[in-house]
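Derivation of every value follows stated rules applied to the coordinates shown; laboratory data play no part. Given the structure is predicted, the values throughout are model-derived calculations rather than measurements. FYI the Cβ positions are ideal-geometry reconstructions off the backbone, even for glycines, and counts take in every protein chain you see.
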Amino acid sequence: MTIPRLELMVCCIGARLVHSVYAALDVPGLKIISWSDSMVALWWLKNHGDWSVFMANRVNEINSLVPSQFWRHVPDKLNPADLLSRGISPRLFSDSLWWEGPSWLLELLSNWPIDRLAYETSEVEREKRKVRLCNLVAVEGKIPWYAIKFSNFQSIIRFVSWMLRFVENVN
């Protein structure tokens, strides 16, 4: 599984957790904001594309639990969850923003980090649904024997490739 897919799974698990806590608290009008440091995962959540089956299922589940307008990007340097992966020492960890969170969360929304959404085109495009197209031209007259013998397109392709290989080896 690729790293962007894993990051989307983290968003999925986070959305399930947020939904469960929100349902358990039963506080109407509570505003939810979910954060992720993955711009690719946020791009998938906020832009309705024709994704692969895996991605489409995860994106639909996440958006049904926590709609995309409640997701925001937190830069890596301001993300307390990344402290451990950056190799923070135990002494600094004890009085770090891990326990209290970033100070800007206590400020007005206008002072929060700007929600810039950039993405890696190759990562996003890799998860687009693959489209297969098969054209069939109906011509009046006799149906070719291979169209009757082989029931699907893949079988015809396999047969034609074997025939081309045979012709190439005979010459």
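Structural remarks
- Solution diffusion estimate, µm²/s, Stokes-Einstein, segment 1-123, Kirkwood Rh from C-alpha pairs, 4 °C, viscosity 1.567 mPa s: 82
- Highest-MSF residue in the chain out of Gly141, Gly87, Gly101 [GNM, Cα springs under 10 Å]: Gly141
- Rounded to two decimals, the Cα-based Rg/Rh of segment 52-116, with Kirkwood Rh, is 1.09.
- Taking trypsin sites (Lys or Arg not before Pro) as exposed when their DSSP state is a loop state and no more than 12 other Cβ atoms lie within 10 Å, the longest site-free interval of the chain runs over 32-115.
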